[in-house]
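Asker: Provided herewith is a single structure, encoded as structure tokens, for subsequent inquiry.
None of the figures in this text is laboratory data; all of them are computed from the coordinates on show. Bear in mind that the values here come from a model prediction, so they are computed numbers and not experimental data. Glycine gets a Cβ as well: all are built from the backbone with ideal geometry, and neighbour counts include every protein chain shown.
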Amino acid sequence: MIALYLTIFVSLIIALVFLILFLSSVKNGQYEDTYTPSVRMVLDEFNEEENKEQTTLNN
């Protein structure tokens, strides 16, 4: 029974550590990326056009 309590205690400590690390990364702005979403649309269009050109050249 002690092993069960110890396992629960250790898992809660590990979960708490991950929660603290996650919150600190959010606080430091790790997930704030304002540049990539605006460029992704342009790059996707460019890649689609390039793929179309490649398929027409290969055929």
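Asker: What distance in nm separates the simple spin-label points at Asp33 and Ala15, each placed 7 Å from Cα in the Cβ direction?
Answerer: Modelled inter-label distance: 2.9 nm.
Asker: Let me ask you something else. FRET efficiency for Ser25 and Leu4, Cβ-Cβ distance as r, R0 = 22 Å, nearest 0.05?
Answerer: Values: r = 32 Å, r/R0 = 1.46.
Plugging the Cβ-Cβ distance into 1/(1 + (r/R0)^6) gives 0.10.
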